[in-house]
Structures are given as structure tokens and as C-alpha cells.
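Worksheet for the structure shown next.
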Amino acid sequence: MAHIINSWRSSYLAYLACLAYLTYPTYPTYPTYFSPQELNQPARISGRVVAAETGVPVRGAFVELTGGAVPAPSVVTDADGRFEFLERRIGRYAVQAVKAGYVPYLFGRLTDQSDMFDVLAGQRIDRGTIRLSQAAVISGRVYDDAGETISSVTVTAWRIEFPLPGIQLLQWIKDVPTDDLGDYRLHGLMPGRYRIAASQHPQSADERSPVQELEARLAAERARAVWPGPGLPTVSSAITADGVAGGDTSGMNLTVMRPRYARVSGTVVDTEGRPVTAGMVTLQPVHAEGGVMGRRYSQVALQAGRFSFTKVPAGDYRVSANYARGDARPEYRAVIANESATVSINVREDVSDLVLRATLPFLLSGRVFIDGAPADSATRLRLFGVPRGVPALDALFSGPVLQGQPVTVTKAGTFSVISGAGFVVLRAGDSMGLRSVMADGVDVTDGFEVMRAMTVDVHLASQVSVLEGIVKPSDGVIRGDCDVVVFAAEPTHWRTPMSRRVVTVRCDDKGKFRVTGLPTGQYLAALAADFDRRVWADPDRLERLRLFATPFSVTEGAITEVRIEVKR
């Protein structure tokens, strides 16, 4: 009897197993890929860190996994530059390597989603080779107009960057004080081009020592990016350090001229002519080409509708006010939360009774057509405000420039958006090709000045050009995870703000890339070695890339194939 029962039980269990297989066909794969033993196994993430210039292994570099909710402990590279993580947490991560004397790289680049990778339990992930560039150093001495060295003045480094075509920004990197001999040393800099300037703040009225005053100013500036108090520093002429690479660039001397100070005061009135009692007023120097902007400004609050700046060095300035406007006109109330007023002044002596009068933004409206027919609400447009007449901006103000403002298109194919005065550019989404933007019969596709309410017509094409490419070395081995820059053969397009003819694209793991919407014309494509997203659109960099770039042509609505041959 027991034998019969056991036989029946075995048959019944076999029946249940077959039923489970038929009902859940993936069931037999579960023990293979998700066994309890393997769920407890950590992922192994490995790689190697070498010096970018020499290829020599970097020993003692700290390597971290970034992107997780909880920071993972760092590991240290061995004598061969190798590292390995044992990571139990499933998620998306990127690898970062740092060592003193080298530029910190997030897998050799500024991070974005293409740097992230998925980590699953039990995986073996090889992140390849991380190349660390040797950090650069810029040093020199600061003098006054009598030729004497100056101690305890601030020397600032701004990196010259081109994150978008035709858009040059100055990215603040760091401040250092001069020592008792007037010497400064800016270390740990990324390779690139820099602007260097020295600044000296007016003497404070309190009893703090010069060292305490300097420390207080630097701490306040780091926290707010604004010079404390109503005064402004005296800034030397900026010098440009070109082609800064690993190692020491010395002899970059600066001269701070003795200034003549003045006082700037006035009132702010709104668009109805009424005094504004609450708000902020900013005084910002306007430097000629080669100067520096953005971070050396002063800000004060309105007091009973008035403002006052003291100890303002002679020069050209832009004074602007921003304030909340709860009683804005109905047509603007839903789209603007505040008003602003701006005026440019030349300071040679005291400026009093200056009046800042606010102006309303302008209404930019238009129609959108796709292949000649009105578009619908699925159409995507974006409006970029591009600074003009200003040689450079601090990255503090670059957000709206880089991101743009979304424009909503109605079902009838029309749009309206509030725009401030200045130079703007309209761009379409990737799914549509931008043929032209017309204003009063004039082609303004490359941008236009908004000085009044305007109406424009935007013409799109449903059939866009497609560029399909692949990067292959001459030995035929596919090269993946690389960056390609596609740019017009005509250099004038390199300096056009938000140019449609200069783009960068990331290859997949098989070395393939795809670009849509390029306008008709002649182009070049090149592999970007040591890619840096903050300077990729630098015209000087594109000029160097064209020497070994692959030429091709693009026709609207056509598919173009290009193969980039790379010699090892």
C-alpha cells in the first residue's frame, strides 16, 4: 500500500510540474537566472585607470560608484591601475575616478544618461579604461599700478566653454588669494582655455583684520555668488590662458589699477509709474571683449522705493531691478510672476536720482505649418533666449540659455508666448525638420531680435533627413561608446547661436549613431577624442577636427550613410 501511495504522489507532483510549465512557460528559467543563491551574489564591476597623456597605470586612485540612493564605499586602484567593486544593490550607476594631481573624471566625461549603466545581482561588468588627465596649474603675481605686489587680493579662474553652438560661457572654477609676496597659484584645473582676473574689494568700515575680511568675503561669495554689501571690487583686466594642459603655466601676471570710486543711487517705478517699495536691485559691470562678467556684481534691497550703491569703481555698468507684481495686467498675470527694469550707465562721478522704469514683456505669436498645412497640438517647439552684445556669461545665468522655453502649439496650429526683449531662436523637436521661420517676409530661422510684439510663421517638414553612421577602425574592429561631432563644412555656421548644423551624438555599443533633422548641405563627421560636453562646440576645436573628418552631404527627407574610419 505504501508503495502505491508513493507512486501516486510522485505522479501527482509530476502532473503539477507539467501544469506549472504549461501555465507559466518561463518557470523553468527561474532557477537558471534568479536562483536564491545568485540573488545574494554581488555584481562585480571592474576596470582600469590610466594617465590620459602616457597610458601609464594610475595607482592609488579613488574610484566610486555614483547614482545610487546610498553612497557606496570607494575602492583604490592597485599597482596596475585596476579596481573592482562588489555591489549588492540593483540600480543605475556611473563610475568616477579621482586622484590628487589629476582632473576628476566621471568615466572621462561630464556625466549624462549615456554614462549610466544597469547593475544586476551576479553580473560581471567591465567598464574598460578610465583615462585621467593631469591637472593644470596657472600661477603668477599681482601688481598695483605703481608696480608694487599686492597681497590678499582674489584671483579668479573662469573656463571658456562652448556647451552649445555659438554660445560662449565663462564657467567660474575657483578663487585663490595672493600670498604675502603677491603670488597666486590656481591648481587642479581641467585642460582648456581660461580667463584670469584679480579683484580687490574696497576697504571695509569694520574692525576686522585684512585676513578676516578676505575670509568673510570669500565665504559670502561662495554662498551667494554676490559681493557682500553695496560696494564693488576693483577688477584687473582679464588675461586669457590658451591651451592650458597638464602641468604648470606660469608667469600669468596681473595688474590692479587704483580706482576712483563713486556712488550710484535712485528709484524704481513699475509699468504704471508707481514707486516700487520691495525688490532687489543689481549692479553689474559691463566689460569690453576680453573682460569678465557675471560673478563680480553687487545687490541691494529697495528701501522705501530707493536704492544706493557706494564705492563703485569708474566704468560701464548695467543696473537692473526685479520685483513681484501681484496686480499685473490680466493678459500677463498668468505668465509672469514679476517685472524687471534695466538701464545702462557710465560711471565717472556720483550718479544720483537714477530712475529704473519697468517695461512689460512682449507677446510673440505665430502660426506653425507642416508641409504647408496647419500643425496640431502634438508639435513641439522651444524658444531660446540668446545673449547678444555680451562677450561671456557666468554659468550662474546659463540655465535658461541651455534649456530654452517650451512653446505650446494649439490644435489650430497657432502659438503665443511671452518673451523679453533680446535675441531669440525658435527650434523644433527631433521628429520634425525646421525649414524656416519667417517674420514680415524675412527669413529669421537663425534668430531674430524681439523689440516689440511680433508674429512669425514657422514652417516644418514631416520628412526629415536621417544620418546613419558607424565608427570603425581600419582593422575592422567595431568601436563602441564613443562620441561623434557632426558639423557643417562652412565655418560660418559654427558661430551661429543654436546652429542646427552643428550637433554631437553618442554611439551605441556597436559604434553606430543616428542624427535626424539636419538641413540640406555639406557636412563633416569626426570622432571626438577626450570628449568634453562643455567645450565640444568651440570653433577652434571644430577647426582641428576638420583636418581628419569624413565629408558627406545631406538632402531633406533622404537617408545618408557615413562610415568614420579611425586609424589605431
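Below is a table of values for the structure above.
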read-out: Condition check for residue 344: surrounded by fewer than 14 Cβ atoms within 10 Å (Cβ to Cβ) and modelled with pLDDT of 85 or more; value: yes
read-out: Residue list for segment 168-199, filter: free of Cβ contacts under 8 Å to residues at least 40 places away in the same chain and surrounded by 20 or more Cβ atoms within 10 Å (Cβ to Cβ); value: 178
read-out: Every residue from segment 268-299 that is surrounded by fewer than 19 Cβ atoms within 10 Å (Cβ to Cβ), among the hydrophobic types (A, V, I, L, M, F, W, C) and at pLDDT 85 or above; value: 269, 280
read-out: Any strands (runs of 3 or more DSSP E) falling wholly within segment 96-179 and containing at least 3 residues that are touching a Gly at 6+ places or on another chain (Cβ under 7 Å) and either farther than 27 Å from residue 76 by Cβ or modelled with pLDDT under 80 (or both); value: 136-144
read-out: Residues (among the aliphatic types (A, V, I, L, M), buried (at least 20 other Cβ atoms within 10 Å of the Cβ) and either part of a strand (DSSP E or B) or touching a helix residue (DSSP H, G or I) at 6+ places or on another chain (Cβ under 6 Å) (or both)) located in segment 52-93; value: 63, 65
read-out: Test for residue 44: is it out of contact with any strand residue (DSSP E or B) (no Cβ under 7 Å at 6 or more places or on another chain) and touching a residue at least 12 places away in the same chain (Cβ under 8 Å); value: no
read-out: Matching residues in segment 507-521 - criterion: being part of a strand (DSSP E or B) and of a type in the set (S, T, N, Q); value: 516
read-out: Residue list for segment 224-267, restricted to those being within 26 Å of residue 138 (Cα to Cα), at pLDDT 85 or above and surrounded by 17 or more Cβ atoms within 10 Å (Cβ to Cβ); value: 252, 253, 254, 256
read-out: Residue in segment 535-550 that is assigned to a loop (DSSP other than H, G, I, E, B), closer than 16 Å to residue 504 by Cα, among the aliphatic types (A, V, I, L, M) and touching a Leu at 6+ places or on another chain (Cβ under 7 Å) present; value: yes
read-out: Residue pairs meeting the criteria (Cβ under 6 Å; at least 6 apart or on separate chains; first on the phi > 0 side of the Ramachandran plot, in segment 488-512; second among the aromatic types (Phe, Trp, Tyr) and surrounded by 19 or more Cβ atoms within 10 Å (Cβ to Cβ)); value: 498/384
read-out: Residue 411, sole failed condition from (1) in contact with a strand residue (DSSP E or B) (Cβ under 6 Å, 6 or more places away or on another chain); (2) at pLDDT 85 or above; value: (1)
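The values are calculated or read from the model by the stated rules, or taken from the named source; none is laboratory data. Keep in mind the model is a prediction, meaning the values are calculated, not measured. Because the Cβ atoms are built from the backbone with ideal geometry, glycine has one as well, and the counts that use them run over all protein chains shown.
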